[in-house]
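Below you'll find the structure, written out as structure tokens, and then a few comments.
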Amino acid sequence: MPCKHHTLLDQHHTLLQAQVAVTHIKMFKVAVLCFAVFSFAAASLYGPRQAPTAVPPPPACRICAPNECGLVLPEFRFSCPNGNILDKCGCVESCQCAGCPPFNLGLSCPFGKKADSKGCPLSICNPPPCEFAGDCAAVSCFAGFGNAVDSKQCPLRGCPCQGAANCPAVDNCNIDCSGRGGYRLNRHNCVTCQCAQKPGSCPTYGVWGSRTCRDDYDCAGNQKCCQLLHSRVKKCHGSLALTKGHNVHRPRY
């Protein structure tokens, strides 16, 4: 017959195990309840959880077509300081310049397009170069007054020098005064659009002669080109103011 003392211990041990099991069950219920409350609160604040969306792979780049932006006629050409506008694949998307304001690609400029301070082409054509700029570059004018120029700041044919400072431009002057004493200076010593004349004057009485002329240098020696009385015809005649031994004065440039 078992000892009464051992029977009581076994019963007490069984009771403790039952109480621990009940405690574990209560704790599990509390944990489940807390998780449910937390999930509900998170859903209320952040909305339902969404499955992550797949990121599409980048598009496969094609082989770039040849850059035809530089294959235009000379009057349409331009230079981009940062190259042309490129697409995501690095191919030329537009002949417009990257980092520059758009400009007129179809503007025909025989002498090129102007550019801004950053080198970006503008929709403005360069003016034509000066016809005689190269010839006049080596001409040194007395007192540094410089060459006579037209309204485009281009030197005149023959590279005449001004005889004074701040002379006005000589515009629309297409005459050639080379071999005719150069261009005539006015009373301010500024070049005019007129060939220099020989010294002296024509007679006021009847003018004779067989050689017609346009100006003094169509006439030989010291003769001057004088207009016939009551006529528009000009003929060569000896100058009244010249005496024997005087030479024809030609302005020095």
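Every read-out reported here was derived from the displayed coordinates using simple, explicitly stated rules and does not represent laboratory data. Remember, predicted model here, so these are calculated numbers, not experimental data. As a convention, Cβ positions derive from the backbone with ideal geometry for all residues, glycine included, and neighbour counts pool all protein chains shown.
Here are some notes:
- Rg over Rh for segment 130-196 works out to 0.91, using Cα positions for both radii and the Kirkwood form for Rh.
- Residues in segment 145-151 carry Karplus couplings, in order, of 6, x, 6, 6, 10, 8, 5 Hz; the curve used is 6.51 cos²θ - 1.76 cosθ + 1.60 with θ = phi - 60°, and Gly or Pro positions show x.
- Computed from backbone phi, the HN-Hα couplings of segment 223-237 come to 5, 10, 8, 10, 8, 5, 5, 6, 8, 9, 6, 10, 9, 6, 8 Hz, rounded to whole numbers (Karplus: 6.51 cos²θ - 1.76 cosθ + 1.60, θ = phi - 60°; Gly and Pro given as x).
- In this structure, the amide hydrogen of CYS161, modeled 1.01 Å from its nitrogen in the peptide plane, lies closer than 5 angstrom to those of ALA148, counting only residues at least 5 positions away or on a different chain.
- Between LYS88 and VAL72, the simple label model (points 7 Å from Cα in the Cβ direction) yields a spacing of 2.8 nm.
- Packing-based ranking, highest mean first, of 180-192, 138-150 given that Cβ atoms within 10 Å are counted: 180-192, 138-150
- Separation in nanometres of the label points that stand 7 Å from Cα toward Cβ, at SER123 and LEU33: 7.7
- Segment 130-196, dipole about Cα centre (Lys/Arg Cβ +1, Asp/Glu Cβ -1), debye to the nearest 20: 220
- Rounded FRET efficiency, nearest 0.05, which uses the C-beta distance separating LEU107 from VAL233 and R0 of 51 Å: 0.50
- Net lengthening on full extension, ASP176/CYS193 (0.36 nm per residue, minus Cα-Cα): 5.2 nm
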